[in-house]
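Everything on this sheet refers to the single structure shown next.
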Amino acid sequence: MLNAARQARRSALTLLVFALVTTAILALTYALTHDTVRANEDAARTRLMAQTLPEGSFNNDLIADPVALNPAQRQTLGLPDNATAFIARQDGKPVGLVFESVAPNGYGGKIRLLVGILANGQVSGVRVIAHKETPGLGDYIDHAKSRWSEQFSGKGIEARWKVSKDGGDFDYMSGATISARAVSAAVGRVVTLFDANRRQFLAQP
C-alpha cells in the first residue's frame, strides 16, 4: 500500500514537471516568435491593402496610419469593435483610405473585403481577403481567380451598387449571382459611408 502511494506521488510529480517544462517551452517559443509573426502578418496585410490603391499614389505606412470608426460606422461595414480604416498619404497629404467591409450574405457565408477609396470618392480597388464561396463557381469574386472585381474601379456614389440582374451596374457570372450581389452591395456601403463622412476621414491629422 505504501509503495503504491509512493508510486502515485512519483507519477504525479513527473506529470507536474512535464507540464511545467512544456508550458515553459511554449511560452518561450511564443515570446521569441510573436514579433516576427506579427511583423509578417502586418507586411502581408499592407501588401494587400496597397493593391487597392493606385501604384505610387501614397508613401506612408498604411498600418501605422489608422482611422478610427465609430460604432455606427463599424456596424454599417459589419466590422468588430476594434476595427479601423487606414488612410493613404502622399507626402503627408491624404489621398484616399482603405476600408475593410464584410458582406454577411455570400452563398457560403461571410465575405471579407478590402476596399480602396480615393479622396474624390471613387473606388480604386477591391480585394477579397476571406470567403467560402463555391470553388470554380462563386470564387470568381477573388481577384486572384478573375478580374471581375476590377469593374468597381472608378465608380462612386452615383453608381447603382447592385448586379445588373437587380437593376444595378455590375456584371455577374451566371449561376453565381449571390456572390456578386453580396460583394457589390458591400462595396456600395463603403462608398456611401465615405461620401457621408468624407470631410471627417480626410481631416485626420
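The values are calculated or read from the model by the stated rules, or taken from the named source; none is laboratory data. Note that this is a predicted model, so its numbers are computed, not measured. Cβ sites come from the backbone with ideal geometry, for glycine too, and all protein chains shown count toward neighbours. Surface accessibility is based on the protein's heavy atoms, side chains included, excluding ligands, DNA and RNA. Shrake-Rupley method; radii C 1.70, N 1.55, O 1.52, S 1.80 Å.
Out of the residues in segment 153-174 meeting the condition of being open to solvent by less than 60 Å² (accessible area, probe 1.4 Å) and in contact with a Gly (Cβ under 8 Å, 6 or more places away or on another chain), tell me which one is nearest to Q51 (Cα to Cα).
S153
Within segment 175-190, how many residues turn out to be out of contact with any helix residue (DSSP H, G or I) (no Cβ under 8 Å at 6 or more places or on another chain), open to solvent by 10 Å² or more (accessible area, probe 1.4 Å) and closer than 19 Å to L77 by Cβ?
Number satisfying all stated conditions: 1.
Looking only at segment 194-205, count how many residues are open to solvent by 20 Å² or more (accessible area, probe 1.4 Å), in a helix (DSSP H, G or I) and in contact (Cβ under 8 Å) with a residue 60 or more places away in the chain.
So the count comes out to 3.
For segment 107-132, what are the residues that are surrounded by fewer than 22 Cβ atoms within 10 Å (Cβ to Cβ) and over 14 Å from the mean Cα position of the chain (by Cα)?
Passing the criteria: Y107, G108, G109, L118, A119, N120, G121, Q122, K132.
Six or more apart or on different chains, Cβ atoms under 8 Å: show the pairs whose first residue is in segment 145-159 and closer than 17 Å to E133 by Cβ and in a helix (DSSP H, G or I) and whose second is open to solvent by 80 Å² or more (accessible area, probe 1.4 Å) and aliphatic (A, V, I, L, M).
W148/M173
Counting just the residues of segment 143-176 that are of a type outside the set (D, E, K, R) and touching a Lys or Arg at 6+ places or on another chain (Cβ under 6 Å), which one comes out farthest from N105 (Cα to Cα)?
H143
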